[in-house]
């Protein structure tokens, strides 16, 4: 048996409410016309006690026309009341009422998010991205169409939105205007391309990372507005080869890789987030090693070039980044100091 859609239930409820409103209006106007001595408040009172059949006495004695009108109003209201009860019962019986409440509650959470990450698609790559974001205590919203996956996300306490990420309305529901990043990890390059185009148009400041299955899609995704493009298969193959060529180095890098906020060994620090007195100063003036125990192993300049083991006289310009290496407790101290 096919379960009616949520829109059908909503249409039925809207119709039921409209009919109830029409009955009240019809009763008030009818009592006022048939018995001009009624005030509008008295006509409303008579309509309500007639429709609800509570049995209160009349405000003014009714003539035959008034009695016939009252009988007609009672019959009409009972019919509409029965329809309303059946619609509400059907709505609750199919769980749509609670589903709608849950959906509204989730939407309220999304509306209040700022600088969050939107993840489109919860397949293998999307799942890994969300797990890593959770380990960093980052707020993220997952857009997914599969009902079973949505249930899984909700049971795990992950904010999610059921819908097609290629639809601009769904991206707006994910609060893309206040988001800081978007990851599109859907299996189709065409879908990822469409999401990148839409997202870039809706939020020009958004940082967009896209998955690509084919090398021929990389140029198109960049042209569409993706800041970074990842080919999981290529990365996986390269990593396996590196484990053969430089196994010890790869193991060391993996140990440095970020498993979560509490076990971080590598961290990037935006110069813009540093105290203002350090802007236009040098790494020597910052003195990260002495203050936190961390080592500065990299620097990203305004031309987006990465400098390994930067000179201590490197100038800390706005929109640049420092990459530091340290033990978890040293990284924690870095956040406390800066």
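Please treat every number below as a calculation from the coordinates, not as lab data. Here the structure is a predicted model, which is why all the values come from computation and not from measurement. Backbone-built Cβ (ideal geometry, glycine too); neighbour counts: all protein chains shown.
Figures for the structure shown
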{"quantity": "Residue-averaged [θ]222 nm for the chain, counting only DSSP H segments that reach four residues, each worth -39500 (n - 2.57)", "calculated": "-17000 deg cm²/dmol"}
{"quantity": "Ranked by how many other beta carbons lie within 10 Å on average, peptides 154-161, 322-329, 207-214, 78-85 from highest", "calculated": "207-214, 322-329, 154-161, 78-85"}
{"quantity": "Two-decimal ratio, the chain, of alpha-carbon radius of gyration to 2.2 N^0.38 Å", "calculated": "1.57"}
{"quantity": "Rounded to 10°, Cα long-axis angle of helix 64-93 versus longest principal axis of the chain", "calculated": "30"}
{"quantity": "Euclidean distance of C-alpha centroids, segment 103-162 and segment 182-214, integer Å", "calculated": "16"}
{"quantity": "Length added when fully stretched, residue 147-residue 25, from 0.36 nm per residue minus Cα-Cα", "calculated": "39.7 nm"}
{"quantity": "Listed peptides 11-18, 100-107 by packing density, highest first (mean Cβ within 10 Å)", "calculated": "11-18, 100-107"}
{"quantity": "Protection proxy ranking, peptides 186-198, 165-177, average beta carbon neighbours within 10 Å, highest first", "calculated": "186-198, 165-177"}
{"quantity": "Fully extended contour minus Cα-Cα distance, from residue 100 to residue 234, at 0.36 nm per residue", "calculated": "44.0 nm"}
